[in-house]
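Input: a single structure, listed below in structure tokens.
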Amino acid sequence: MLSSNNVSTPQQQQQQHVRIEGHDQQVVATSSAATLSIAESKELTGLTHECGVFGAIACGDWPTQIDIAHVICLGLVALQHRGQESAGIATSEGKCSKNFNVHKGMGMISTLFNDDSMKKLRGNLGIGHTRYSTAGASEVVNCQPFVVHTAHGAMALAHNGELVNNESLRREVLGRGVGLSTHSDSELIAQSLCCAPEGVSEHDGPNWPARIRHFMMFAPLSYSLVIMLKDKIYAVRDTYGNRPLCIGKIVPINSGHAGNSTETPADGWVVSSESCGFLSIGARYEREVEPGEIVELTRKGYRTVDIVERPDFKRMAFCIFEYVYFARSDSIFEGQMVYSVRLECGRQLWREAPVDADIVSSVPESGTAAAHGYARESNLEFAEVLCRNRYVGRTFIQPSTRLRQLGVAKKFGALSENVAGKRLVLIDDSIVRGNTIGPIIKLLRDAGALEVHIRIASPPLQYPCYMGINIPTREELIANKLNAKQLARHVGADSLAYLSVAGLVQTVQRKHVASGKPTGHCTACLTGEYPGGLPDELSW
Ligand SMILES: O=P(O)(O)OC[C@H]1O[C@H](OP(=O)(O)OP(=O)(O)O)[C@H](O)[C@@H]1O
Ligand SMILES: NC(=O)CC[C@H](N)C(=O)O
Ligand code: SF4
Ligand SMILES: [Mg+2]
């Protein structure tokens, strides 16, 4: 049982919230008082992302010379691709357990944080978040980090993921007399940690690892968390390792390339959803937080304080779509760079679905690494055929299918001199609704392409995700309506083929299998096999 006591919640605002088919349908207010659903307010292509979490703590004497708020801000900028709705930073000076410095709000990092907001974020440690909402509306009340006041002082929490048993945990916590002020599952986690579990003595002070373990026993999936207390940060990954989280070392400025050696002293430590921003903040990749691990970071360093086992010793289930699409390609997961895995997927795609063509090309951004792999394995020339308009953002409002499709074409121009008279094979990482590929094929044909063959570096998406990714409805997923042959006809391609599930899994796991290291990946949106089974309270 999750226990809880009376703790104050800072957010008192109400939000509009309706449940549709077992999912939260979020509603955002617009200035014209009309309302748009979040789905409608986004450009409807691809999968909508997740969230990014970040934490940093300075080593040595406090107050530190390191500008912790700037380190976190730059760390969040590097995670911006994971969520663009809202962001926030909470810092602590390390002395007072009553108050943290907090700045959060709607929008992108670059618009939210300026000199004034940074000045107020003094601190020796801090955490940050960039959000793509999955539970609870995209409103200021749900911005993270969540800060709550416990019997032992303030606690701030930032979360990437989605609780699969959100509803039953919510009922449990509400049933104990705790008022929740939002529909956010992340607030629920914060409130769940506010009380010591039964049987845990806290005579000598709060036992945070025991509280975190207790929560983890009742919440199998999915979360990567950074939790800040007065003078320490806990980094936590769910027992399946579904969402990513890694540790980096802030090294002295003059330590150069040798900065990742174990002898290099640490100026501080960071934790992040992805490692892609580490070099830009003078940090070096250290390692991943392991599935089920609770890591404590203090000014003295970091240490594992507990490892919680998976229920019934099930396999770990790291999201395979992090490799396919979500992550930035310079990030490292499980000892391999995302770019290298995508490249290898392209090689495998050629082995599974070769095609006679003059050039190989990609749909930028995330299809590009796989296209290079396809070209290398096939010995076909790689040539760019599309120019992407960087000013068409992901938040473009597209009110109708027709305009939406025009919008996708608007995002790209054809490099006609590379295209004219060519038989080309075009690689993309994924097809979701199928809105991107059709207009691109038309564009390429209009530019003079003789043949356009589509190869997709992931299997067809057919099932929903309950672990922090918003996947469109069954009807919206094009693979549930058309098989590869029908889809080729529908989008005007000469042929179309996907990478197989086995091909993707083997490519992602090949290093681990070779070294005998345990591994396991969630493929639920491709196979319908959910890690830990499909929770009763969820259905599609
Ligand atoms: O089938 P659809 O629903 O049209 O979506 C699929 C497309 O969406 C994604 O690209 P996106 O432009 O979101 O991001 P990227 O720049 O990382 O490729 C993905 O890489 C595909 O290109
Ligand atoms: N995408 C995410 O990881 C979202 C975290 C959390 N469920 C929220 O909606 O804020
Ligand atoms: S269902 Fe798909 S998107 Fe969701 S965690 Fe699993 S692999 Fe990732
Ligand atoms: Mg794309």
Exercise. Over the C-alpha atoms of the chain, what are the Rg and the largest Cα-to-Cα span, Dmax, in Å?
Worked result: 23.4, 78
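Taking Cα pairs under 8 Å and at least six residues apart, what relative contact order does the chain come out at, in percent?
15 percent
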Exercise. Looking only at the stretch 315-358, which residues have a backbone nitrogen under 19 Å from a spot 7 Å from the Cα of Arg423 in the C-beta direction?
Worked result: 350-358
Exercise. How would Met155, Met118 line up by accessible area, probe 1.4 Å, largest first?
Worked result: Met118, Met155
Problem set entry | Nitroxide proxy distance, nm - points 7 Å out along Cα→Cβ at Asn483 and His203 | 7.0 nm
Problem set entry | Rounded percent of accessible protein surface that carbon and sulfur make up, the stretch 47-314, 1.4 Å probe | 51 percent
Exercise. Between the stretch 502-517 and the stretch 78-141, what is the C-alpha centre distance in whole Å?
Worked result: 37 Å
Problem set entry | Coil-residue GluC sites (Glu not before Pro) of the stretch 279-371, DSSP, other Cβ within 10 Å capped at 13 | Glu309, Glu365
Exercise. Taking a probe of 1.4 angstrom, what is the accessible area of Ser255 in Å², to the nearest 10?
Worked result: 30 Å²
Exercise. FRET efficiency for Ala514 and Glu476, Cβ-Cβ distance as r, R0 = 35 Å, nearest 0.05?
Worked result: 0.35
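Could you give the length gained on full extension between Ser416 and Arg376, defined as 0.36 nm per residue of separation minus the Cα-Cα distance, in nm?
Here the answer is 12.1 nm.
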For this session: Quick one: accessible surface of Arg171, probe radius 1.4 Å, all protein chains present, in square angstrom to the nearest 10.
Result: 150 Å²
Problem set entry | Label-to-label distance, nm, for residues given as Lys119 and Glu352 (7 Å Cα→Cβ offset) | 5.6 nm
For this session: Measure off 7 Å from each Cα along the Cα-to-Cβ vector at Arg390 and Asn99, then give the distance between these two points in nanometres to one decimal.
Result: 4.1 nm
Seminar exercise, completed: With a ≥ b ≥ c from the Cα gyration tensor eigenvalues, square-rooted, and the rule rounded for a/c under 1.5, otherwise prolate when a/b > b/c and oblate otherwise, the stretch 47-314 is rounded
Exercise. For the cross-link pairs Lys442/Lys485; Lys422/Lys481; Lys249/Lys517; Lys95/Lys232, which exceed 21 Å when the distance is taken from alpha carbon to alpha carbon?
Worked result: Lys422/Lys481; Lys249/Lys517
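First compute the accessible area of the stretch 408-540 with a 1.4 Å probe, then give the percent of it belonging to carbon and sulfur atoms.
Answer for the stretch 408-540 is 50 percent, counting heavy atoms of protein chains only.
Accessible area per residue for the chain in Å², computed with a 1.4 Å probe and the full protein assembly in place, what is it?
41 Å²
Report the gain in length on full extension from Arg445 to Asp61: 0.36 nm times residue separation, minus Cα-Cα distance, nm rounded to one decimal.
Between Arg445 and Asp61, full extension yields an extra 131.9 nm.
The values are calculated or read from the model by the stated rules, or taken from the named source; none is laboratory data. Everything numeric in this text was worked out from a predicted model, so none of it was measured. Backbone-built Cβ (ideal geometry, glycine too); neighbour counts: all protein chains shown. The area values use the complete protein model at the heavy-atom level, side chains included, leaving out ligands, DNA and RNA. Shrake-Rupley method; radii C 1.70, N 1.55, O 1.52, S 1.80 Å.
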